[in-house]
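Working notes, structure below.
The values are calculated or read from the model by the stated rules, or taken from the named source; none is laboratory data. What you see is a predicted model; the values in this text were computed from it and never measured. A quick note on method: Cβ atoms are made from the backbone with ideal geometry, for glycine too, and the neighbour counts reach across all protein chains shown. Remember, those area values only see protein heavy atoms, side chains included, never the ligands or the DNA or RNA. Shrake-Rupley method; radii C 1.70, N 1.55, O 1.52, S 1.80 Å.
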Amino acid sequence: MRNFTNVNDIGPLDQALAKARYVKENPFADQALGKNKTLLMVFFNSSLRTRLSTQKAGLNLGMNVIVLDINQGAWKLETERGVIMDGDKSEHILEAIPVMGSYCDVIGVRSFARFENKQDDYNEVILNQFIQYSGRPVFSMEAATRHPLQSFADLITIEEHKKSARPKVVMTWAPHPRALPQAVPNSFAEWMNAADCEFVITHPKGYELDPGFVGGARVEYDQDKALEGADFVYAKNWAAYTDPNYGKVINTDRSWTVTTEKMALTNNAFFMHCLPVRRNMIVSDDVIESPQSLVIPEAANRVVSAQTVLKEILLSL
Ligand code: CP
C-alpha cells in the first residue's frame, strides 16, 4: 500500500482486522521497519487524538517523527494556481509540498473541508496535491471527505465488542452549534458498507449525505425507529451536504441528542463517538459515562489503526 486515503486502500477488511490484532498484541515487534525512516505529520487543522495516536504509532514502529502545524509557525500557504501573491500568503503549496517531501519518507496530512467550494472539497484538492507533488507515500489524517484512520479504529472497536456475527450499527446525526464536515460520517458509512453488519443512517431531513457514501445503507428519518434493536449507536454531527445548503447548519434540534431514553430503545447498544464531543448537545453525560460507552477504547484504537496503516506503507517502501 503506497497511499491510504479510503477503505479500498487497506485491502480485504478481514485481513486488515487480523493485521490490526497482531499490531495491538505486538506493538513493538516491527521497530526495525521504521529505523532511520522519518514520518512527517502535516496539520492544517487542530487535533488531539490524531496527533498523539499517529505519533505514538510511528514511535512504536521505530520511526523518527516530525510534526508541522501549518497555521502555527509555518508560512501562510497559497493553494490556488494563478493567484498573484500580493496578499498575506508568503509561500505556495506547490513549492512547500516537495520541500516537505524532501525531509521525510512518509507524510500524513490533515486538511478539512473548507466549505468554500463543494467541488474543491469533494475533489480533495489539498490531499491530492500532496499525493501528486510530495514524491512520498501519503496517508490521510482526516481530509475533506473522509477520515479513514478513525473509521478503521471504529471498525476494530466494533469487532472487539460485537456479540453477534452481523450486528446492527446505527449512525445518528446529533445537534451541534457549528458547521462540521461530513468526513467522519462519510468515511464511517464507507467502512460499514464494506463490513459485515446491518447499517442504518438516521438524520433529520436536509442532512442527506453524498449518495456515493450512503451506498446501500438504509436511511431512516425517524431516529427512534432507527435505534430499535441497535447493537452500536455511532453519533456524529455533520453540516448539510446538499445544495443550496452545503456546509450550513440548518437545524440544531435537541430532540436528536443521544440520551438514556434513546439508548433504551436499543439492544443494550454500545455508544460510540470519534471525539471531541459536545456533551448534552450530541450525547448526555449519563450515556457517555455509562458502561456501554466505548469512546475511550475507540480513541485508544487510533494507535492500532495508524500503526497498522504505517506498517503497510513501510513494507511498501
Ligand atoms: N477523532 C479525531 O480525529 O480526533 P482529533 O480531531 O482530536 O484528532
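Of the residues in segment 303-314, at least one is touching a Ser or Thr at 6+ places or on another chain (Cβ under 7 Å) and either in contact (Cβ under 8 Å) with a residue 24 or more places away in the chain or more than 16 Å from the ligand (Cβ to nearest atom) (or both). Figure legend. Inter-residue proximity from segment 158-172: first residues under 18 Å from A235 (Cβ atoms), second residues at pLDDT below 95 and surrounded by fewer than 20 Cβ atoms within 10 Å (Cβ to Cβ), beta-carbon distance below 6 Å, spacing 6+ or different chains. No pairs are indicated. Identification of strands (runs of 3 or more DSSP E) wholly contained in segment 138-214 with 1 or more residues that are buried (at least 19 other Cβ atoms within 10 Å of the Cβ) and within 16 Å of the ligand (Cβ to nearest atom) yields 138-140, 168-173. Checking each residue in segment 253-306 for being closer than 30 Å to D30 by Cβ and in a helix (DSSP H, G or I) picks out V295, I296, P297, E298, A299, A300, N301, R302, V303, V304, S305, A306. For segment 258-281, what are the residues that are more than 16 Å from the ligand (Cβ to nearest atom), more than 14 Å from T157 (Cα to Cα) and within 21 Å of the chain's Cα centre (by Cα)? Within segment 258-281, V258, M281 qualify. Restricted to segment 1-107, the set of helices (runs of 4 or more DSSP H) holding at least 1 residues that are under 19 Å from A153 (Cβ atoms) comprises 13-25, 49-60.
Within segment 37-49, residues that are over 15 Å from S134 (Cβ atoms) and within 7 Å of the ligand (Cβ to nearest atom) sit with their Cβ atoms under 7 Å from residues that are open to solvent by 10 Å² or more (accessible area, probe 1.4 Å) and assigned to a helix (DSSP H, G or I), at 6+ positions apart or across chains, in these pairs: R49/A299.
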